[in-house]
Every structure is written in structure tokens, then in C-alpha cells.
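The values are calculated or read from the model by the stated rules, or taken from the named source; none is laboratory data. If you're wondering where the values come from, they're calculated on a predicted model, not measured in any experiment. With ideal geometry, Cβ positions are generated from the backbone for all residues, glycine too; neighbour counts draw on all protein chains shown. Calculation scope for accessible area: heavy atoms of the full protein, side chains included, ligands and nucleic acids excluded. Shrake-Rupley method; radii C 1.70, N 1.55, O 1.52, S 1.80 Å.
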Amino acid sequence: MSTFFVCAASCCALAWALYPFMSLALSYVPRFNLQLQRPVNTCIGMISLQIVVLVGFSIVVVFAWLVTQDEYLNNVLGISLCVLCISIIQVPNMKVCTIIFIGLFVYDIFWVFYSSYFFGENVMLSVATKQAANPVNYIAEKFNITGIAPVVRLPVKLMTRRAMLGLGDIFVPGLLMANAYMFGKRKRRTPHERNIYFIGATVGYTIGLIITMYIAFVWHVAQPALLYLVPATLLPLFAIAFYRKDFHDLWHGIAVPTPSAVDLDA
């Protein structure tokens, strides 16, 4: 059941992530753009042909991942899931981000370093490497088809041959970076000023990730990435906010202006 759920979520996420790129490409080809914007009657109602094409392509990619268990396809689906979650979930201010970060900071450290003392194994590593039954292989066996992966590694992590990174270590900092981007956009003093808050969060995240990978390779022990990512992303943001005297607004958030009654009447 978990495999079917992940496959459905991955199809939706990949289509969501590819939609703006396809729309941008089609903007340069008006003829095809008009054709793909044509509504199509489906079992769930009228939707554009562009979405039908994207969903169909996503189903093909997910099926290819099920059959081959290719790590590159796994990473594409994992990144798509992160993009979907970051796009949908929004946090109102940095106070909420900090509370979430600190809670997950403690959570990550406990399950990576101390869970073995209570449960006899590293629970976080066990969950990250857990495999599930492949429904495609089950069907293939009925027709005597070979070469299908018997189990699947769910796309809850990005993988290389020497390391892996949980999606939570991308998605959670991504919420903070999205908040920093919007805050920096509203706090620009000139139209051409760089978004210093987003740059600070991005540089901090990159440094924290490099430190995580370095320590994991040197010590040959799984590391809780949030142990390094939390201070590496929060501290630069707080330092920039204090320097620019924006900490109050960063911490409590900036109210989005809404049209007044006068504007509505006008």
C-alpha cells in the first residue's frame, strides 16, 4: 500500500514541478501553446491538455523507476516531492520556522545517535534504507517476466553511490529558505537590491551540507544533517536581520497588505 501511495504522490509532484518549465518552453511556441491549453473532458472534469500530457509523462517516469530502480530517477522524484511540499506549505514567520527547526533538530539527533540504546538499532538509518515490495514485479512473475526489481527503495531520500540525504533535510530547510526569500523580497530598499536574506540562507545551507558530508565521510558514521543545517541557516539570517534592524519583522512576520474598504469602493 505504501508503494502505491508513494507512486501516486510522485506522479503528482513530478507533474507539478515540470508545469512551469513546460509553460515557459511553450511560451516561445505560441502555436503549440494554444493547442495544449485546449480543455479536455476527463473522468475528473475538464482540464487542459498540457496537464494531461504532464501527468502521462509522470506516470511513465514513475513506472520506469519502479522497473529499473534507477537512482537518478529516484532523485528526480525525491526532488519533485520536496518542490511540491515547499510550494504548498507556508510558514507565517521565522518564529514558527525556528520552533519547527529546533524540534526537528532534537528529534534528528535522538533518532540517529541515541535510538540504538533504546531499540537496539539505529532507527533513522533503518527507516531510511527500508525497502518495500514492488507491485510491478508481482505482476511480472504472473506472466513469467524477469528482470524487474523485486523490491523498491522509496524516494524518501536522495542517493549517490557513497551517500544519501533524507528529503526532510531538504524540505525543512526549504521552508525556511522560502520564508527568507519572501521576507527579503519585501524588505528590499531599492528595486535592484539583492535578496540578502535568501542569499544568506542559501550560503548557510550549502556550508552546513558540506560539513555534514565531510564528517560522514571522515567518521564513516551516519550523521543527523539537521545538527549542522539548523545553525548554518538560522544564524546567518539572524545576523543579517540584527545588522539591518529587521529582526522584529523577521521574527513576527510582515502582514501582507490587503485592499482597504476605500480601495474596494473605488
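With a/c under 1.5 counting as rounded, go ahead and sort segment 1-62 into rounded, prolate or oblate using the C-alpha gyration tensor (a ≥ b ≥ c being the square roots of the eigenvalues; past the cut-off, prolate if a/b is larger than b/c, else oblate). Numbers along the way, then the final one.
On the way: a/c = 3.32, a/b = 1.67, b/c = 1.98.
It is oblate, given that a/c is not under 1.5 and a/b is not larger than b/c.
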Segment 185-194 - phi-based ³J(HN,Hα) in whole Hz, Karplus 6.51/-1.76/1.60, Gly and Pro as x: 5, 6, 9, 5, 7, 9, x, 9, 5, 5
For segment 219-234, Karplus couplings with θ = phi - 60° (6.51, -1.76, 1.60), whole Hz, Gly/Pro x: 8, 6, 9, 4, 10, x, 4, 5, 4, 9, 6, 4, x, 5, 9, 6
Heavy atoms of the protein only, probe of 1.4 Å, neighbouring chains included. What is the accessible area of Met22 in Å², nearest 10? 40
Taking amide H positions as placed in the peptide plane 1.01 Å from N, state which residues far from Leu154 in sequence (5 or more) or on other chains have amide H under 5 Å from it. Ala132
Gyration tensor (alpha-carbon) shape descriptor, segment 3-115, a/c threshold 1.5: prolate
Which order do the peptides 166-174, 188-196 take when ranked by the mean count of other beta-carbon atoms within 10 Å per residue, highest first? 166-174, 188-196
Kindly write out, for segment 106-116 in residue order, the coupling ³J(HN,Hα) from the Karplus curve 6.51 cos²θ - 1.76 cosθ + 1.60 (θ = phi - 60°), rounded to whole Hz, with x marking Gly and Pro. 5, 4, 5, 4, 4, 6, 8, 8, 10, 5, 5
